[in-house]
1. Only one of these is over 28 Å from the mean Cα position of the chain (by Cα) and surrounded by fewer than 17 Cβ atoms within 10 Å (Cβ to Cβ): Arg347, Arg360. Name it.
2. Check the range 217-229 and report whether any residue there is free of Cβ contacts under 8 Å to residues at least 60 places away in the same chain and of a type in the set (A, V, I, L, M, F, W, C).
3. Could you list, in sequence order, all residues of the range 389-417 that are of a type in the set (Val, Ile, Thr) and open to solvent by less than 40 Å² (accessible area, probe 1.4 Å)?
4. Can you tell me which residue within the range 113-125, out of those that are surrounded by 14 or more Cβ atoms within 10 Å (Cβ to Cβ) and not aromatic (Phe, Trp, Tyr), is nearest to Ala181 (Cα to Cα)?
5. Scan the range 189-197 and give yes if some residue there is in contact (Cβ under 8 Å) with a residue 12 or more places away in the chain, in contact with a strand residue (DSSP E or B) (Cβ under 8 Å, 6 or more places away or on another chain) and outside the structural domain of Leu111 (by the TED database), otherwise no.
6. Mind listing just one residue for me: the one in the range 22-69 that is in a loop (DSSP other than H, G, I, E, B) and at pLDDT 90 or above and, of those, farthest from Pro278 (Cα to Cα)?
7. In the range 76-88, is there at least one residue being charged (D, E, K, R), out of contact with any strand residue (DSSP E or B) (no Cβ under 8 Å at 6 or more places or on another chain), free of Cβ contacts under 8 Å to residues at least 40 places away in the same chain and surrounded by fewer than 20 Cβ atoms within 10 Å (Cβ to Cβ)?
8. Tell me which of these Ser227 doesn't satisfy, since it passes every other one: (1) of a type outside the set (Lys, Arg); (2) over 20 Å from Ser99 (Cα atoms); (3) crowded, with 22+ Cβ neighbours inside 10 Å.
Amino acid sequence: QLVYPHEFRLTEKEKTSICYLSFPDSYSGGLGDTQFSFRLRQAGGPRSCPFQDDGRYNREAPLTLQREAAHYFGYVYFRQVKDSSMRRGYFQKSLVLVSRLPYVNLFQCLLQLIAPEYFDKLEPCLEAVCNEIDQWPPPVPGQTLNLPVMGVVIQVRIPSRVDKPGSSPVKQCNQENLLPAPLVLPSVHELDLFRCFQPVLIHIQMLWELMLLGEPMVVMAPSPTVSSEMVLALTSCLAPLRYCCDFRPYFTIHDSEFKEYTTRTQAPPNIVVGVTNPFFIKTLQHWPHILRVGELRMAGDLPKQVKVKKLAKLKTLDTKPGIYTSYKTFLHKDKTLIKRLLKGIQRKRPSEVQSALLRRHLLELTQSFIIPLEHYMASLMPLQRAITPWKNPPQIRPFCQEDFMRSLEHAGPQLTCVLKGDWLGLYRRFFKSPNFDGWFRQRHREMTQKLEALHLEAICEAGESPWDVSIPIPLQVRARCQHLPLKEETLQRVSLYIDTVIGSLPADLQAVLHH
C-alpha cells in the first residue's frame with residue numbers, strides 16, 4: 001500500500017514477497033498485535049546502498065552482525081481487530097521495517113513505538129518518524145547511541161568485533177543529561193534464549209550439533225512469532241562462529257523458493273526454515289530434521305520437553321510436538337546444565353539470568369570446538385623472519401585435515417570441555433559443512449591481509465633512514481590500503497615509496513603514472 005521513503009526502490013517480486021511474509025500464513029484466531037521477523041533474498045542483482053558506508057561497519061562489527069549484501073531482514077508489526085465496517089469483519093494490517101541489519105531487538109522496539117501511531121495517523125506519522133531517523137548517527141561498532149524517536153530516546157550499544165565474547169554489555173552512559181530518561185536496550189540483537197528453547201532444553205546439545213554441521217531443518221510452529229524466534233535462536237547458538245548457511249525465520253507457501261525447497265528430486269538445501277502452515281507437514285516430510293513446537297509459555301515449572309521421534313511418525317495434521325529425526329549425536333548430553341537450569345526454575349530465577357547461563361554454555365561449547373582449529377590455522381602462517389622486502393610475501397601453508405586431526409591428541413577440545421564423545425567424528429562432518437567453508441575463507445582472508453601489511457612494513461623499513469615521514473597521504477593510497485591493518489607511519493612511507501619510484505622514471509612515464 002505504501003513504501004516510505006518513496007525513493008526506496010523494491011522490485012515487484014520483492015514487494016510481493018514482503019506482502020505475503022507480513023501476514024500469518026494460516027488461520028490466526030488471536031486478536032490484537034503480534035510481532036515477528038523474516039529474511040528475504042534480494043531480487044534483481046546488486047543495488048547501491050542508500051547510506052554512506054565504506055565497509056568500515058562490516059570490518060569492525062562481529063561476524064554475526066554484519067550488514068548483509070544479498071538479503072533483507074523484515075521486522076513486522078501485525079494488527080488484527082474486529083471491525084464490522086470491513087468486508088471480512090476484521091481490520092488486518094502490518095507495518096514492516098526493512099533493513100540489512102539483524103538488530104531484531106532494536107527494530108522490534110522501534111515498531112512498538114511507531115506502529116500503533118501509524119495505524120491511527122497513517123502516512124504523516126511515517127514522514128515524521130523518518131525525518132527523526134534521518135538524524136540518527138550511523139551504527140559505529142563499540143559506540144553507545146542515543147536514538148530519539150516520537151518523544152522517546154532509545155539507548156543502545158552497537159557490539160564490536162573486539163568485545164570479549166560472552167561479556168555483559170558495557171554499562172550504558174550519558175543518562176544523566178537526557179530528559180526524559182532513555183529507554184535502555186540491553187542488546188540490539190540477543191533474544192531470550194531460555195524462553196525460546198524452553199520446550200527443547202534437554203536436546204540443546206543435539207540442536208547445537210545440527211546447527212554446527214549446517215543440517216537442513218524445518219521448524220514447524222503455531223505462529224510466525226514462535227517460528228521466527230526459534231529460528232533466530234537456533235542460528236545464534238553458534239556465536240561467535242558465524243552461521244554461514246541460509247535461514248528463513250518465517251516462510252510461506254507463496255514464497256518464490258517454495259518449489260526449490262519442496263522438491264523431492266534433490267536433497268534439501270542447507271537451510272533452517274520456519275513455517276506455520278500445516279500444509280508443510282506433507283510437503284517437507286522428506287527433510288531429515290523437523291522440529292515441531294507449540295506456543296511458548298513461561299510457566300512456573302520446566303515446560304514439557306518434546307521427545308525425539310522417528311520421521312516416519314510425521315504423517316498427520318495433529319502431529320504432536322517433537323524433534324523428528326534419525327540423527328545420533330556425536331557428544332554426550334551435558335546433564336550439569338539441565339540441573340542448573342532446573343534449580344533456577346525452582347528458585348524462580350529471572351529468565352534473563354537463565355538465558356545468560358544457557359548462552360555461556362553454548363559459547364564455551366563453540367569455543368572448545370573452534371579453538372583447536374584456530375591454533376592449527378595460526379600454525380600455517382609463515383614466520384615473520386621469512387617476510388623480506390626483496391621478495392613477494394610468502395604463502396600461507398595449505399590446511400591438511402589429517403594433520404589437524406593428529407594435533408587434537410595433545411591440543412584438542414578435551415583441554416577446555418568436560419563433554420565426552422566422538423569429537424573426531426564431529427570435526428570430520430564439520431569439514432563437509434558450509435560453516436567450515438565460511439570460517440576457513442574468512443580466516444584465510446584475514447591472514448592474507450596480515451601478510452600483505454607485514455610485507456609493506458618490511459619494504460618501508462628497508463629504506464627508512466633517508467625518508468621524512470611527516471608527509472600527507474594521497475587519498476588513493478588510503479583507499480587502496482584501507483582493508484590492511486597498517487600503522488599511519490607505514491602509510492606515509494608507502495606514499496613516499498610510490499613517489500620515489502615514480503620520480504626515478506623518465507618524464508613521459510611519470511606523467512602517465514601520476515595520472
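The values are calculated or read from the model by the stated rules, or taken from the named source; none is laboratory data. Note that the structure is a prediction, hence the values are computed from the model and not measured. All Cβ positions, glycine included, derive from the backbone under ideal geometry; neighbour counts span all protein chains shown. Keep in mind that these areas ignore ligands, DNA and RNA; they rest on the heavy atoms of the full protein, side chains included. Shrake-Rupley method; radii C 1.70, N 1.55, O 1.52, S 1.80 Å.
1. Arg347
2. No, the range 217-229 contains no residue that is free of Cβ contacts under 8 Å to residues at least 60 places away in the same chain and of a type in the set (A, V, I, L, M, F, W, C).
3. Within the range 389-417, Ile396 is the sole residue that qualifies.
4. The selected residue is Leu113.
5. Taking the range 189-197 and keeping what is in contact (Cβ under 8 Å) with a residue 12 or more places away in the chain, we get 189-197.
With the extra rule that they be in contact with a strand residue (DSSP E or B) (Cβ under 8 Å, 6 or more places away or on another chain), the set shrinks to none.
Within the range 189-197 (the criterion being in contact (Cβ under 8 Å) with a residue 12 or more places away in the chain, in contact with a strand residue (DSSP E or B) (Cβ under 8 Å, 6 or more places away or on another chain) and outside the structural domain of Leu111 (by the TED database)), the answer is no, since none of the residues qualifies.
6. Going residue by residue through the range 22-69, those that are in a loop (DSSP other than H, G, I, E, B) are 22-31, 42-55, 61-62, 66-69.
From what is left, the residues that are at pLDDT 90 or above are 22-23, 61-62, 66-67.
Numbers: Ser22: 18, Phe23: 16, Ala61: 38, Pro62: 37, Gln66: 34, Arg67: 33 Å.
Filtering the range 22-69 for residues that are in a loop (DSSP other than H, G, I, E, B) and at pLDDT 90 or above, the one farthest from Pro278 (Cα to Cα) comes out as Ala61.
7. Looking for residues that are charged (D, E, K, R), out of contact with any strand residue (DSSP E or B) (no Cβ under 8 Å at 6 or more places or on another chain), free of Cβ contacts under 8 Å to residues at least 40 places away in the same chain and surrounded by fewer than 20 Cβ atoms within 10 Å (Cβ to Cβ), one finds at least one in the range 76-88, hence yes.
8. Failed condition: (2).
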